[in-house]
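Below you'll find the structure, written out as structure tokens, and then a few comments.
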Amino acid sequence: KSLHTHGYFDQYDDFMSHDLSPVSSRKIKQSLLPSNKPRRLLCHDMKGGYCKDSDEAYRDVFTSWQCIDIFCYFSHHFISIPPKVWVDDCAKNEKVCLGTLITEGKLGIRNGQKIFQDPELLAEKLARVCVEFGFHGWLVNFESPVPSSQHVTKFLRFLTAACKKHIGENSVVIYYDSLDSRGSVRYQNCLNHVNKPYFDACDGIFLNYWWNGDMILSSLELAGTSRRFDVYVGVDVFARGVKYNAGTGCAVATSFLQNLGASAAIFAPGWVLECGSGKNKSVDEAKIEDSIFWSMLFKS
């Protein structure tokens, strides 16, 4: 059974039972992240992923590659491998491309238990999947409780090391800010003593969205000069539970982050087509609306 017949997996055993092809590995385009300025991550969650809207319609209108450094393909399946069209687009535009590992609900607890039985085994396979499909790493999102925080930090260390070994020093593993120090799901919305061990075990952290200015200032201070740009501050384009408005209203948040010199993670910008000014428009019209959206978020 080949991984090439699947883009996503819902169960650990299903993923582990699929073989990697020994002859189809691709040369990964080595895309360097800027080390001396804030970065921007696009987290592409649109209508569940793996559909025409997420992989055709949005590709047709998104042209603002100059506004981002990392493209992360997100869905609510346990393991999401970025579709080839997005991997190719990232390579063409010299951007880092990430897949997603997420655990949610009761199935997530079961998948998590299996991860932690042999974390090094899964880490090795995930890294080799990156080589097979030509992308750079993973966003890791534990939205189900885990037995202990030590299980997570160990897995993150294994995965980060495996990706460096197989992909190179430009590989990227980012932890989503979802757990407390006991392994319960409790968003911190900042970098603090609770989630810093997770941050220290990988290449970065994607902060949850319910932050304020003081929380970001303290996050950057705790990260230190050498790692401040590895803190990706979440901005939800749907504006759920935040003080800014959806769509271009997110410019309030991104402008604040730019002024602080903080990296940003833009979640679900497909909003422009789903709910915003690009909805029900022609491709050319929607392309203009999406460009306006990105220019509003990141003004030169």
Practice task
Determine which single condition V252 fails, assuming it passes every other condition in (1) over 24 Å from Q30 (Cα atoms); (2) in contact with a Phe, Trp or Tyr (Cβ under 6 Å, 6 or more places away or on another chain); (3) open to solvent by less than 40 Å² (accessible area, probe 1.4 Å).
Solution key: (3)
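So that you can scan it fast, the table gives a plain yes or no per residue for (1) over 21 Å from S21 (Cα atoms); (2) part of a loop (DSSP other than H, G, I, E, B); (3) in contact with a helix residue (DSSP H, G or I) (Cβ under 7 Å, 6 or more places away or on another chain); (4) open to solvent by 10 Å² or more (accessible area, probe 1.4 Å):
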| site | (1), (2), (3), (4) |
| --- | --- |
| Q66 | yes, no, no, yes |
| S75 | yes, yes, no, no |
| E94 | yes, yes, no, yes |
| I102 | yes, no, no, no |
| L107 | yes, no, no, yes |
| G112 | yes, no, no, no |
| F116 | yes, no, yes, yes |
| W138 | no, no, yes, no |
Completion exercise
Note on E169: of the conditions (1) out of contact with any Ser or Thr (no Cβ under 9 Å at 6 or more places or on another chain); (2) crowded, with 16+ Cβ neighbours inside 10 Å; (3) assigned to a loop (DSSP other than H, G, I, E, B), unmet is (2)
Handout entry: Cross-chain or 6+ apart pairs with Cβ under 9 Å, the stretch 217-236 first and in contact (Cβ under 8 Å) with a residue 60 or more places away in the chain and of a type outside the set (A, V, I, L, M), then open to solvent by 10 Å² or more (accessible area, probe 1.4 Å) and in a helix (DSSP H, G or I)
Key = F229/A223
Problem - Hits in the stretch 140-161 (condition: assigned to a helix (DSSP H, G or I) and open to solvent by 10 Å² or more (accessible area, probe 1.4 Å)) - result: S149, Q150, H151, T153, K154, R157, F158, T160, A161
Practice task
Assess whether L98 counts as being within 18 Å of L33 (Cβ to Cβ), assigned to a strand (DSSP E or B) and either open to solvent by 30 Å² or more (accessible area, probe 1.4 Å) or not basic (K, R) (or both).
Solution key: yes
Completion exercise
Taking the stretch 257-278 and keeping residues in a loop (DSSP other than H, G, I, E, B), open to solvent by less than 10 Å² (accessible area, probe 1.4 Å) and closer than 24 Å to M215 by Cβ leaves A262, A268, P269
Problem - Selected residue [free of Cβ contacts under 8 Å to residues at least 60 places away in the same chain, in contact with a Leu (Cβ under 6 Å, 6 or more places away or on another chain) and in a helix (DSSP H, G or I)] from T248, T254 - result: T254
Exercise for the section: Consider L222 carefully, then state whether it is open to solvent by less than 20 Å² (accessible area, probe 1.4 Å), in a helix (DSSP H, G or I) and within 30 Å of S149 (Cα to Cα). Expected result: no
Practice task
Enumerate the pairs (first residue in the stretch 115-129 and under 10 Å from F155 (Cα atoms); second residue anywhere and of a type in the set (K, R) and at pLDDT 95 or above) with beta-carbon separation below 6 Å, excluding pairs fewer than 6 apart on the same chain, so at least 6 apart or on different chains.
Solution key: P119/K154
Completion exercise
Filtering the stretch 71-99 down to residues that are closer than 16 Å to N141 by Cβ and in contact with a Pro (Cβ under 6 Å, 6 or more places away or on another chain) yields Y73, G99
Practice task
Would you be able to say whether some residue in the stretch 24-32 is buried (at least 17 other Cβ atoms within 10 Å of the Cβ) and within 18 Å of F293 (Cβ to Cβ)?
Solution key: no
Problem - Residues of the stretch 279-299 satisfying the condition of being under 24 Å from the mean Cα position of the chain (by Cα), assigned to a loop (DSSP other than H, G, I, E, B) and not aromatic (F, W, Y) - result: K299
Practice task
Please tell me if I174 is among the β-branched types (V, I, T), buried (at least 17 other Cβ atoms within 10 Å of the Cβ) and in a strand (DSSP E or B).
Solution key: yes
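The values are calculated or read from the model by the stated rules, or taken from the named source; none is laboratory data. On a predicted model such as this, the values are computed, not experimentally measured, just so you know. For neighbour counting, all protein chains shown are included, and Cβ atoms are generated from backbone atoms with ideal geometry for every residue, glycine included. Protein only, heavy atoms only, side chains kept; ligands, DNA and RNA dropped before computing areas. Shrake-Rupley method; radii C 1.70, N 1.55, O 1.52, S 1.80 Å.
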